[in-house]
Amino acid sequence: MTTHAAPPVPDVFDPRRYGVAVPYAAYRVLRDHHPVAWQEEPEVLGWPAGPGFWAVTRHADVVRVLKDAATYSSCLGATQIRDPDPGDLPFVRRMMLNQDPPGHGRLRRLVSRAFTPGRVERFAAVVEERARALFARALETARAADGTADLVTAVTDDYALLNLADLLGVPERDRELLLHWTRRVIGYQDPDEAGAPVRDAAGRPVNPRSPAMLGDMFAYARELAAFKRRHPADDVLTTLAHEPELAGAELEMFFFLLTVAGNDTVRSAAPGGLLTLAEHPEAYRRLRAGELELGSAVEELLRWHPPVLTFRRTAARDTELAGRRIRAGDKVVVFHGSANRDERVFSAPDRLDLARGRNPHVSFGDGPHVCPGAHFARLQLRLLYAEALRVLPAPPELAGPPRRLVSNFINGLKSLPLRVA
């Protein structure tokens, strides 16, 4: 009997790959032959080499890692592939995202009091009007020019930013700060977004999540919280600022988390969904004709273009996953985009099916760290796509290649030129 050697393990670490396309073919090789595969971390884009990590690519294994916080810790080494400096770890661990139960649960309960479905629903009318205004402006500008618009710069960046600012209660004059901080933290691997890395006295790049780089954001959070205590309003920061169980440092970390994660989830998913619809004109026509339900379409667009590509855990003890022995202290990285295309879970996963019924995608994570703002994100996406369908009677056509974010963390688009008029 002839046996065939397994293909070599492809590289899915290099952020420059993702600036071209999400490497779905490489994910398929990993799922089929190396579901838990060792990845090297060479020096890239000015950032130093790391020790390497285990890439987890099958849906069942991704869910197992995300649900088992006792074995796969968010706290030991935080949640980014790249290791934080050891001196920064105590600081980074203050964030809810980088904590394990039971401490994580306490913080999550506190933020859930502010992030209630009722509060989110009260913002629906504001969000709907914003989608309408942004599309109207983009179409007017396009008609006065060549009929094309970059929907990232004309619609989705402002849409995500302004919705989050309303929910948090950030004054209008300060809202551009949120986008500035998001680009600095999320886009640090992309020279277009962050420029050359800031370096310390020894010439080493400074982590954008370090205390040295977040001082201005935290100072603003303290100032805004003090203002909300004097002038309360119906917003998340007012609720957090009046929460007696929330220490000052924890509130600052909440502001960081909500500003960056809350903004960039929609900022990445929204143009990704619009791009997907432009690439599938028949699906767009059926959705606009009412043949397909928008709620299920939103879930399929999230599966197809997950806003987050990876999250890291650290093994808290020796364990085994998909037949591979993992030692305590090893980095374990789950690949959301791969899990969402796993043939073991999704029928015809490389086919867009806006009527897909069972759709257990992991685009908002799973387990104790499932995204607390998922309800708000879904609301925004549903209202944005509804407005696109209303004002664009024909499927939008690409007017040029989209430009992707250079990042192995966020599945971002820097531009999306479409013919819209």
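The selection criterion, being surrounded by fewer than 20 Cβ atoms within 10 Å (Cβ to Cβ) and over 23 Å from G373 (Cβ atoms), holds for V20.
Where helices (runs of 4 or more DSSP H) sit wholly within segment 275-380, those with at least 1 residues that are over 26 Å from H34 (Cα atoms) and open to solvent by 20 Å² or more (accessible area, probe 1.4 Å) occupy 281-288, 294-304. In this structure, does G187 turn out to be of a type outside the set (V, I, T) and either open to solvent by 10 Å² or more (accessible area, probe 1.4 Å) or modelled with pLDDT of 85 or more (or both)? It is false that G187 is of a type outside the set (V, I, T) and either open to solvent by 10 Å² or more (accessible area, probe 1.4 Å) or modelled with pLDDT of 85 or more (or both). Pairing residues of segment 128-146 that are closer than 13 Å to P417 by Cα with residues that are in a loop (DSSP other than H, G, I, E, B), at Cβ distances under 8 Å and at least 6 apart in sequence or on separate chains, gives A138/V420; L139/V420; L139/A421; A142/V420; A142/A421. Among residues of segment 29-49 being part of a strand (DSSP E or B) and modelled with pLDDT of 95 or more, the one that is farthest from G203 (Cα to Cα) is V36. All conditions but one from (1) out of contact with any strand residue (DSSP E or B) (no Cβ under 8 Å at 6 or more places or on another chain); (2) of a type in the set (V, I, T); (3) modelled with pLDDT of 95 or more apply to T2; the one that does not is (3).
Answer yes or no as to whether A78 is at pLDDT 95 or above and closer than 30 Å to L246 by Cα. The answer is no for A78. Being touching a Pro at 6+ places or on another chain (Cβ under 8 Å) and surrounded by 14 or more Cβ atoms within 10 Å (Cβ to Cβ) is a property that does not hold for D158.
Of the helices (runs of 4 or more DSSP H) entirely within segment 190-257, those holding at least 3 residues that are open to solvent by 40 Å² or more (accessible area, probe 1.4 Å) occupy 191-194, 211-230. Of the listed requirements (1) out of contact with any Asp or Glu (no Cβ under 8 Å at 6 or more places or on another chain); (2) at pLDDT 95 or above, K67 misses just one: (1). The set of residues in segment 381-418 that are open to solvent by 40 Å² or more (accessible area, probe 1.4 Å), within 23 Å of L294 (Cα to Cα), of a type outside the set (A, V, I, L, M) and not in a loop (DSSP other than H, G, I, E, B) comprises R382, R390, E397. Selection of segment 46-63 for residues being out of contact with any strand residue (DSSP E or B) (no Cβ under 7 Å at 6 or more places or on another chain) and open to solvent by 60 Å² or more (accessible area, probe 1.4 Å) yields P48, R58, A60. Hey, could you check segment 376-421 for residues that are in contact with a Lys or Arg (Cβ under 8 Å, 6 or more places away or on another chain), over 30 Å from I81 (Cα atoms) and small (G, A, S) and say which is modelled with the lowest pLDDT? Ranking the candidates gives A421 first.
If you go through segment 138-154 one residue at a time, do you hit one that is closer than 30 Å to H231 by Cβ and part of a helix (DSSP H, G or I)? There is no residue in segment 138-154 that is closer than 30 Å to H231 by Cβ and part of a helix (DSSP H, G or I).
Of E223, E193, all but one fail to be modelled with pLDDT of 90 or more and under 24 Å from D88 (Cα atoms); the exception is E223.
The values are calculated or read from the model by the stated rules, or taken from the named source; none is laboratory data. Because the structure is predicted, anything quoted here is derived from the model rather than measured. Because the Cβ atoms are built from the backbone with ideal geometry, glycine has one as well, and the counts that use them run over all protein chains shown. Only protein heavy atoms, including side chains, enter the accessible area calculation; ligands, DNA and RNA are left aside. Shrake-Rupley method; radii C 1.70, N 1.55, O 1.52, S 1.80 Å.
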